[in-house]
Amino acid sequence: MKLTKIEFDSIDILREYLTDSAIMDCAFCLGNIILWADMYNVYYTIVDDMLVFISEEEGIPSSFTFPIGIHMDFAKDIDNPLYIEAAKKAFYKIIDYFKDNNLPIRLHCITPEVYKLIDSFEPGRFIYTPNRDYYDYIYSTNKLATLKGNKLHKKRNHINNFLKRYPDYIYEDITKDNAHMCLNVLKLWLERHSDMDEESLRDYEYEYKIVELSLNNMDKLNMMGGLIRIGDKPIAFTIGEPLCHNTYDIHFEKADDSIPGAYQMINREFVARKLLGYEYINREEDLGIEGLRKSKLSYYPDILYETGKITES
């Protein structure tokens, strides 16, 4: 079985499998796959025309995803007999590969629904363990665009106060001409949070490189973004891309947090101006970071998208 390194040259073949996907998990968003593959040591393989992602640890395959077929996937086709038959065949070929190499059987990015399907293959053989740190926060587009309701009154207050202080703020789409302003915002954010622990600082410095890579390849990755300025000073930006037919994925959002309401403004403005054609907005996971979890919960997600891992019992 051939494991292929994920690079920008992989975009066309991965897009062929993921374009018609109904998977709302941000781990299956093309941009995330391409941009973060090196950090997470993720490869892909095609087994009987089914796409499978395989993660490695120290150069050794450690876990894999459930197979995805062209024009069919484990979200919208979970009850499709043709998909189940093809996916099951590919699934057991991956199982055999792991066993032949004396590797433990592990799967990642598994939903409860997919676990139920796998368990039906061999009841009791596999154990599912949810991973709360990697649940995606998914919101209705209308909620983020309007911030209606008592629960979100604090968000509206932040925005109203921002508008009173900065009535002449400027919103603009991210282009090649202003992309550098996004990096200026991120540099400022890093400077103001330089007292974080070394591991977190390394992670955010790596994120800076990923944001820069995104800005340089927005067309290739079908990304777009928004930027807010006060005069000539950029204060907030966001970048995202379509995840599936009804869901848009927000990859990055950074703001000058010394300016009250900056985060709330870039969040609302981008959604209200650019994303009303989507039913849902996926704002990705919180990675177990307490402040990030609190922030994402404060918008009251419509879907807390559960995923976990599978091991043998």
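The values are calculated or read from the model by the stated rules, or taken from the named source; none is laboratory data. Keep in mind the model is a prediction, meaning the values are calculated, not measured. Cβ atoms come from the backbone with ideal geometry, glycine included; neighbour counts cover every protein chain shown. Only protein heavy atoms, including side chains, enter the accessible area calculation; ligands, DNA and RNA are left aside. Shrake-Rupley method; radii C 1.70, N 1.55, O 1.52, S 1.80 Å.
Quick notes
- Alpha carbon centroid spacing (whole Å) that separates the stretch 241-305 from the stretch 45-65: 30 Å
- Simple label model, 7 Å out from Cα along Cβ direction - Leu82 to Asp203, nm: 4.3 nm
- Rolling a 1.4 angstrom probe over the protein heavy atoms with all chains in place gives the chain an accessible area of 49 Å² per residue.
- Paramagnetic reach from Arg165 (point 7 Å along Cα→Cβ, amide N under 14 Å) across the stretch 262-285: 262-266
- Convex hull of Cα atoms in the stretch 4-159, direction-averaged projection (nm²): 11.9 nm²
- Rounded to the nearest 20 debye, dipole of the chain from Cβ charges on Lys, Arg, Asp, Glu: 1340 debye
- Each Cα pair under 8 Å and six or more residues apart adds its separation to the average, and for the stretch 35-178 the resulting relative contact order is 14 percent.
- Between the stretch 121-141 and the stretch 147-194, the Cα center-to-center distance that results, in Å: 33 Å
- For the stretch 203-313, the percent of C-alpha pairs falling in each 10 Å distance bin, counted from 0 to the bin holding the largest distance, reads 11, 41, 37, 8, 2, 0.
- Spatially close Lys pairs in the stretch 104-175, defined by Cα atoms under 19 Å apart and a spacing of eight or more places or different chains, total 5.
- Spread of Cα-to-Cα distances over 10 Å intervals beginning at zero, given as percent, for the stretch 152-274: 13, 43, 34, 11, 0
- Helix-only CD estimate at 222 nm, as mean residue ellipticity for the chain, using -39500 (n - 2.57) per DSSP H run (n ≥ 4): -12000 deg cm²/dmol
- Beta bridges by DSSP in the chain, antiparallel share as percent, to the nearest 5: 90 percent
- The trypsin sites (Lys or Arg not before Pro) of the stretch 186-238 that DSSP puts in a loop, and whose beta carbon has at most 14 other beta carbons within 10 Å, are Lys220.
- Shown in residue order for the stretch 103-117 are the 3J(HN,Hα) couplings computed by the Karplus curve 6.51 cos²θ - 1.76 cosθ + 1.60 at θ = phi - 60°: 10, x, 7, 9, 10, 10, 6, 9, 8, x, 5, 5, 4, 4, 5 Hz (x for Gly and Pro).
- Acute angle (nearest 10 degrees) that the helix 153-165 long axis makes with the longest principal axis of the chain, alpha-carbon atoms: 40 degrees
- Placing one equal scatterer on every Cα of the stretch 74-127 and applying the Debye formula, the log10 ratio I(q)/I(0) at q = 0.14, 0.24, 0.26, 0.32 Å⁻¹ is -0.38, -1.08, -1.21, -1.40.
- Taking one quarter of the surface of the convex hull spanned by the alpha-carbon atoms of the chain gives a direction-averaged projected area of 16.8 nm².
- For Asp249, residues with placed amide H under 5 Å, excluding near neighbours: Glu241, Leu243, Asn282
- Share of carbon and sulfur in the accessible heavy-atom surface of the stretch 240-279 [1.4 Å probe, %]: 46 percent
- Each label point was placed 7 Å from the Cα along the Cα-to-Cβ direction; for Thr4 and Ser295 their separation is 3.6 nm.
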